[in-house]
1. Among the residues of region 284-316, which ones are of a type in the set (Ser, Thr, Tyr) and assigned to a helix (DSSP H, G or I)?
2. In region 178-205, what residues are under 18 Å from the mean Cα position of the chain (by Cα) and among the aliphatic types (A, V, I, L, M)?
3. Going by the conditions given, is residue 222 modelled with pLDDT of 95 or more, under 19 Å from residue 92 (Cβ atoms) and among the charged types (D, E, K, R)?
4. Just checking, which of 246, 256 is over 21 Å from the mean Cα position of the chain (by Cα), among the β-branched types (Val, Ile, Thr) and either more than 30 Å from residue 284 (Cβ to Cβ) or assigned to a helix (DSSP H, G or I) (or both)?
5. Read through the list (1) crowded, with 23+ Cβ neighbours inside 10 Å; (2) of a type in the set (Ser, Thr, Tyr); (3) under 12 Å from the mean Cα position of the chain (by Cα), then give the number of the only condition that residue 208 fails.
6. Would you pick out the residues in region 70-98 that are surrounded by 16 or more Cβ atoms within 10 Å (Cβ to Cβ) and either among the β-branched types (Val, Ile, Thr) or in contact with a strand residue (DSSP E or B) (Cβ under 8 Å, 6 or more places away or on another chain) (or both)?
7. Let me confirm something: among 244, 227, 254, which residue is farther than 20 Å from residue 133 by Cα, crowded, with 23+ Cβ neighbours inside 10 Å and either free of Cβ contacts under 8 Å to residues at least 12 places away in the same chain or of a type in the set (A, V, I, L, M) (or both)?
8. Among the candidates 96, 104, which residue alone is part of a loop (DSSP other than H, G, I, E, B) and of a type in the set (Val, Ile, Thr)?
Amino acid sequence: MGTGQMAHNERIFLEYEEGPTAGPSTVVGKFPSPSEESRAAGARGGYRAETLFYTRLARDVAIRIPECLYGAISADDTTFTLLLEDLAPAVQGDQIGGANDAQIEASVRNLAGLHAPLWCDSKLAKLDWITQGMSDEYALYIEMGTPVFIERYADRLSDDDAETLRQFARGVRQWMALRPPESTLVHGDYRLDNLMFEGSGDSTSVTTVDWQTLSVGCAGQDISYLLGNSSPPEQRRAHEAHMLDVYREAMAELGVERTAEEIAADYRYGSFQGPSITMLGALSVGQTDRGDEMFMAMASRCTAQIRELDALDLLA
């Protein structure tokens, strides 16, 4: 369940004195990453956000998630334990290889189950263990981290992609100031590696994992990040309008009526979630070959999306 960038997962096999029908035969245990660098990143709020999401907030949303059988975290946020439903035979999405349209559409519908139930809810402001919007510290991370990211991957980033990242870093504070007033729960890292799929075609179902980047923000950050990173640009272009219609309909079914224009505006604004998570993720967790390949695929896809949406004009 997941690729272990920020935490460590193990499948645990169980035996019961009462016999095999007393409980599940397997569960998934989630624990702090063995990487000191990744563990430090998780202790900056991610471990607490995920643990408390499962133990306090999951009942308030309609998105499909694994059942949490146990969750606890230490007072200093450095150690946690989650025992979660084993989703086998569900298969993890492939961030590098991409997804087919049925998988992406199922993911879009599932996302509405996170955004709609607490849409503009006054309860959100009381969740003091969740990041509320973006801080000056966040802006500094983007401003200082972007040159480091570009230098690290100089031989793999195209000139256009590197320049798009630079322009975002120069305008990140403007982006923060432009955040739409409508707020909801935002997964923050809603991409294929954090989605578990079953079935195919119209029967495709999806379950969402990895809640360490949970925040209160603009719903467009999640939907834009998903569509921008789940497939090559040519595939995204072919289904982009349809997927936004699916999202609008799914939100309406859950009681949140939004116009196509409102969703398109949020989608454009949210396109900068891609470089945000890509750069911060690459620089805050232990470096691996698979991680480098993934971050390069994400950087290429999300910067192409930004340019095609003319989103940089928002930062002028």
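1. 284, 300, 303
2. 185, 186, 192, 195, 196
3. Yes; evaluated as a whole, the condition is true for this residue.
4. Only one candidate passes the filter, namely 256.
5. The one condition residue 208 does not meet is (1).
6. 71, 73, 80, 82, 83, 84, 85, 86, 87, 90, 92, 93
7. 227
8. Among 96, 104, only 96 is part of a loop (DSSP other than H, G, I, E, B) and of a type in the set (Val, Ile, Thr).
The values are calculated or read from the model by the stated rules, or taken from the named source; none is laboratory data. This one's a predicted model, so the numbers in the text were calculated from it and none came from an experiment. Cβ: placed from backbone, ideal geometry, glycine included. Neighbour counts: every protein chain shown.
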